[in-house]
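Nothing in this text is a laboratory measurement; each read-out follows from the coordinates by a stated rule. Worth saying up front: this structure is predicted, and the values here are computed from it rather than measured. Glycine also receives a Cβ, built like all others from the backbone with ideal geometry; neighbour counts cover every protein chain displayed.
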Amino acid sequence: TAERQDDKVIVHFSHTGEGLTEASPLTQSFALAGADNQYYWADVRIGNDQVILSSAKVSQPVHVRYGWADNPEPGLFSSTGLPAAAFSMAVTSATNAD
C-alpha cells in the first residue's frame with residue numbers, strides 16, 4: 001500500500017524477511033506524480049518494511065511508480081534477496097485517529 005502523509009508517500013511492503021535493502025542507489029527507481037500525472041524522480045529513504053518518498057516537484061502526490069521502464073534494473077530487495085517487482089499505484093491519504 002502507499003499512503004500520503006503531508007508531502008511524503010510511505011510505501012508499505014510485506015514479506016520482506018527482516019526488512020528491505022538496496023543493492024544500488026535508488027535515485028531513479030521511484031517516481032511520484034500529482035493530479036497532473038507528471039512523474040518526477042523521488043528522494044528515497046528505506047526503513048524496515050517501508051520506503052519513504054518525497055519530491056520537491058510534487059507537493060501532493062497521488063501516484064507512485066517503482067521500476068517503471070522497459071527493462072528495469074532491480075535495486076530494492078527483501079532481506080532474503082528477492083527483488084521488489086515493478087509497480088504503479090494510487091496513493092491514499094493517511095487517516096488521522098483522534
Expected vector for segment 19-28, Karplus 3J(HN,Hα) from phi with 6.51, -1.76, 1.60 and θ = phi - 60°, integer Hz, x for Gly and Pro, equals x, 9, 9, 10, 7, 8, x, 9, 5, 10
So Arg45 and Ser24, fully extended at 0.36 nm per residue minus their Cα-Cα distance, gain in nm 6.3 nm
So for the chain, using the alpha carbon gyration tensor with a ≥ b ≥ c as root eigenvalues (a/c under 1.5 gives rounded; past that, a/b versus b/c decides prolate or oblate), I'd call it oblate
Answer in debye to the nearest 20: the dipole magnitude of segment 2-92 about its Cα centre, from +1 Lys/Arg and -1 Asp/Glu charges placed on Cβ, is 120
Counting only DSSP beta bridges with both partners in the chain, the antiparallel fraction in percent, to the nearest 5, comes to 95
Per DSSP, the loop-located trypsin sites (Lys or Arg not before Pro) within the chain having at most 14 other beta carbons within 10 Å are Lys57
